[in-house]
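The values are calculated or read from the model by the stated rules, or taken from the named source; none is laboratory data. Keep in mind the model is a prediction, meaning the values are calculated, not measured. Here the Cβ positions follow ideal geometry from the backbone for every residue, glycine too, while neighbour counts run over all protein chains shown. Note: areas computed on protein heavy atoms with side chains; ligands, DNA, RNA excluded. Shrake-Rupley method; radii C 1.70, N 1.55, O 1.52, S 1.80 Å.
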Amino acid sequence: MTDTRRYLAEIENLEQIKTFEDLSDYLAEDEQGQYFEDAEEFDWWKELADAMQYLEDEDVEYNEVELTELEDYITVAKENGFRA
């Protein structure tokens, strides 16, 4: 059996998403740190972190109040040139 754990620390722009409480719902922990039990969840949170970093790097202006779902960050980033 292959170990497919993807650790939280592997996300390059981790600081962008550390504040979301929802994140902990997808994580387990072992001696190496927190990891995603589902690789698809890892990919989604990585894309979110990258999208949020893109918005910051490109100084894209958006109204956070209008972003009602986390997915909205990705949508806004893609509308402004982000490619995951």
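Restricting the search to the range 27-84, which residues are open to solvent by 100 Å² or more (accessible area, probe 1.4 Å) and either part of a helix (DSSP H, G or I) or in contact with a Cys (Cβ under 8 Å, 6 or more places away or on another chain) (or both)? If the condition is that a residue be open to solvent by 100 Å² or more (accessible area, probe 1.4 Å) and either part of a helix (DSSP H, G or I) or in contact with a Cys (Cβ under 8 Å, 6 or more places away or on another chain) (or both), then E40, E56, E64, V65, E66, E79 are the ones that fit. Given the conditions (1) without any contact (Cβ under 8 Å) to a residue 24 or more places away in the chain; (2) under 20 Å from R83 (Cα atoms); (3) of a type in the set (K, R), and given that K18 satisfies all but one, which numbered condition is not satisfied? Here K18 meets the rest and fails (2). Count of the range 1-26 residues, restricted to those that are assigned to a strand (DSSP E or B) and either in contact with a Gly (Cβ under 9 Å, 6 or more places away or on another chain) or modelled with pLDDT under 95 (or both), is 1. When the range 1-26 is examined, which residues are found to be open to solvent by 90 Å² or more (accessible area, probe 1.4 Å) and under 18 Å from A77 (Cα atoms)? Answer for the range 1-26, where residues must be open to solvent by 90 Å² or more (accessible area, probe 1.4 Å) and under 18 Å from A77 (Cα atoms): E12, E15.
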